[in-house]
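Okay, so here's the structure we're looking at.
A short reminder: the numbers here are calculations on the coordinates, not readings from a lab. Since we're looking at a predicted model, the values are computed, not measured. Cβ placement follows ideal geometry from the backbone for every residue including glycine, while neighbour counts extend to all protein chains displayed.
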Amino acid sequence: METIDPRFEEMKRNMRQQAEKTGRFFKNTGRIVLVAALLLIVGTGSFYNIEEQEQAVVTTFGVAKAVTEPGLHFKIPLIQRVRKVNTTIQGFAVGYNPEDNATMEEDSLMITSDYNFVNVDFFVEYKVADPVKAVYASQDPVLILRNISQSCIRTVIGGYDVDSVLTTGKNEIQSRIREMILAKLEEHDIGLQVMNVSIQDSEPPTTEVMEAFKAVETAKQGKETSINNANKYRNEKLPQAQAQIDQIMQEAESAKVQRVNEANAEVAKFNAMYQEYVKNPEVTRQRMFYESMEDILPRMKVIIDGSGEVNTILPLDSFMQQQTQSAGNPGVQGEGQQNTENP
């Protein structure tokens, strides 16, 4: 019978023990790696961050709650779900493509109250007012808002004539559309709020009609320019006219005061003379006569012809003027003498 070397048996036992130790090591290492991976997954899924222009909707066993404060927040892994909502003002176009401004007639073509067709482009601005309702009240709240906006736009445009839509009624139309959309959103309660509705462009569907309305708009602008110029001219002239009126009134008032003072002086003079006249009428009449003659006679030319009559009037002034003219023009004088000698 063959004998086994004891050293060989010892080596086999050592190898067996080493293999058992290696197996236990790899088994323990796999468990550690698995636990670490689980801890990493749980740790990274337990926190979420909210930016300044965001809000979050956290759902716990089907119950939704809004988280509005920005920053880092904790959630229970595998139990709570988080959906972030953008709260900035957003918008969408109605009637045109905002990327290339191409008209979309299926949305922009509308009919007015006077049965005319117009192409009107709108831009609607909105934001999320209630994150929970915006996430869970409907499947696509923006699509609902778009449909409501298109309906309200067509309803309001149909209540105005084409001239108002294209020119003067744009501000009123925008305000009425916004009010109608807000009323509809309160009924649907989808968590969105309309901030502004603006008309981007409005024009007739044909080139001929477009040119006609442009001419009308140009004429209205010319009218406004003329009115502004007239108001400017009026504002410039009115102060000047008012200044002239004030000057005339002041001059009239000054003349009035002067005339009144002169009249008062004449009255006072007459009263003084009358008092003297009452005392001695004859002497006063003679003095008044002499004073009048002293004032009149220096300006009169008296001719005494020796006839003793006072009714004789000699046109001496005209004769003296003719003599003066003849002396200044000898030709005229000679011609007059010739005519006198040869009648």
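Descriptive notes on the structure:
- When segment 89-205 is described by a simple charge dipole with +1 on each Lys and Arg Cβ and -1 on each Asp and Glu Cβ, the residue from S175, Q200, V128 located farthest towards its positive end is V128.
- Amide H within-cut-off set for Q200, under 5 Å, with H built and near neighbours excluded: D121, F122, F123
- Extension gain from I248 to M195, taking 0.36 nm per residue of separation minus the Cα-Cα distance: 13.0 nm
- Efficiency of FRET between H188 and M104 - r from beta-carbon atoms, R0 22 angstrom, step 0.05: 0.35
- Couplings for segment 85-94, taken from phi via the Karplus curve 6.51 cos²θ - 1.76 cosθ + 1.60 with θ = phi - 60°, read 10, 7, 9, 6, 6, 10, x, 8, 9, 10 Hz in order; Gly and Pro are left as x.
- Projected-area average for segment 123-195 over all orientations - Cα convex hull basis, square nanometres: 4.6 nm²
- Size of electric dipole in segment 89-205: Cβ of Lys, Arg +1 and of Asp, Glu -1, about Cα centre, debye, nearest 20: 380 debye
- Among the listed pairs K84/K184; K232/K256; K127/K223, those beyond 31 Å (Cα-Cα): K232/K256; K127/K223
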